[in-house]
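Computed from the coordinates by the stated procedures, all read-outs in this text should not be read as laboratory data. Quick caveat, the model's predicted, so the values are computed rather than measured. Cβ placement follows ideal geometry from the backbone for every residue including glycine, while neighbour counts extend to all protein chains displayed.
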Amino acid sequence: MQPGGEFDIQQLMAQAAQMQQAVMAAQQEIAEAEVEGEAGGGLVKARIKATGEVLALTIDPKIVDPEDVDTLQDLIIGAINNAMETAQQVAADRLGPLAGGLGGGALPGF
């Protein structure tokens, strides 16, 4: 605020631009981040981008049983879901501090 209680709009605009740059940088980091999830004690592993794109799926041959396809399917789903949870945590970790700044007085008047 300027003397007299008025908002300095230029300062507000500069802070908004900095916040926007920080959010864009965090979004880029998230888009490039890769995470891994696993199930069955590591018998099935999924590697994904934090955006949700599945990059790789590794299945230990000893878990492949033609008589028990249901278990393998469950393990694949579990590994992918585990990776997605990790990806969501990566996004929250990177964007959380920025979101907290909006309500914490980083931008006066908001």
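For a quick protection proxy, order the peptides 35-47, 81-93, 13-25 by their average other-Cβ count within 10 Å, most packed first.
35-47, 81-93, 13-25
Relative contact order of region 1-85: what whole-number percent is it, with Cα pairs under 8 angstrom and at least 6 residues apart?
26 percent.
Pop a pseudo-label 7 angstrom from the Cα along the beta-carbon direction at both ALA17 and ALA92 and give the gap in nm to one decimal.
3.4 nm
By how many nm would the segment from ASN81 to LEU55 grow when fully extended, if each residue of separation counts as 0.36 nm and the alpha-carbon distance is taken off?
Extending this stretch completely gives an extra 8.0 nm.
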